[in-house]
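Okay, so here's the structure we're looking at.
A short reminder: the numbers here are calculations on the coordinates, not readings from a lab. Keep in mind that what you see is a predicted model, and the values were worked out from it rather than measured. We place every Cβ from the backbone using ideal geometry, glycine too, and count neighbours over all the protein chains shown.
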Amino acid sequence: MAEQDIQDTGRGHWAFLAFFTGLGGYYLATLVLTAATADRFAEVDVTDPPVLGPLLLLIFLPNVLLGLGPAVVSWRLGRGPNRDFGLWPTARDLRVGLAMGGAALLAAWLLGTILLRINPDPTTAVERIGALSGGRTVWLAAAALFVLLGAPLTEELLTRGALWHALAHHRIPKGVVLALTALVFAFLHEESWRMLGLFAQGLAIGAARMITGRAASSVVAHATNNLLPAVYLYTG
């Protein structure tokens, strides 16, 4: 599908609704899960956290809603996620995505090295999930698979799918769109100590979307970027 078909600005009037539906679902699910588990974990010893087992996958429910909102709105008001955002990868999407995913990993490594000197003992989301898994279980394997494939799809549907489409509909310059979507990507991860690194990764991943005009390339770039964290989650 040609780039101009994906970025048809005359059909993007619903895209902000898609973005805020996904974002609202994410924060609503987070609020509900936090409220439902607050009493259960109020007395937890952080040095010996409980093993969640299959409940570990509930951690990812808000993230699922990030992508489900844009997908549903696109199906109802647009032409469907594949035609609106370009989700089915082409050979070019794979090539560009792998290259930009490698650039994102390089940016994460370079900036991470600097940030670790400032904050030498951070706790990442991957480490928190691993602490609740109870070892290398099937549930941890499923969590690692979601980090590798699920999170890139849902987060890209929200940022480089719905939000990018909305901004393009209002004819925002591409460079500004790239920066804004990277900023939202960084804030979504809620890890303030590595905001700069996440922003740089978001720029690299978004560059794939800008080069090809399709979200599939940014999904591939995001998955490439998440490969090491996914492996670390399961093995570390």
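In sequence order, the stretch 70-85 has phi-based couplings of x, 5, 5, 5, 5, 5, 7, 10, x, 10, x, x, 5, 6, 6, 10 Hz under the Karplus curve 6.51 cos²θ - 1.76 cosθ + 1.60, θ = phi - 60°, and Gly or Pro positions carry x. For the stretch 174-181, the Karplus equation 6.51 cos²θ - 1.76 cosθ + 1.60, evaluated at θ = phi - 60°, returns couplings of 4, x, 5, 4, 4, 5, 5, 5 Hz by residue, with Gly and Pro reported as x. Going from the residue with the fewest nearby Cβ atoms within 10 Å to the one with the most, Trp88, Trp14 rank Trp88, Trp14.
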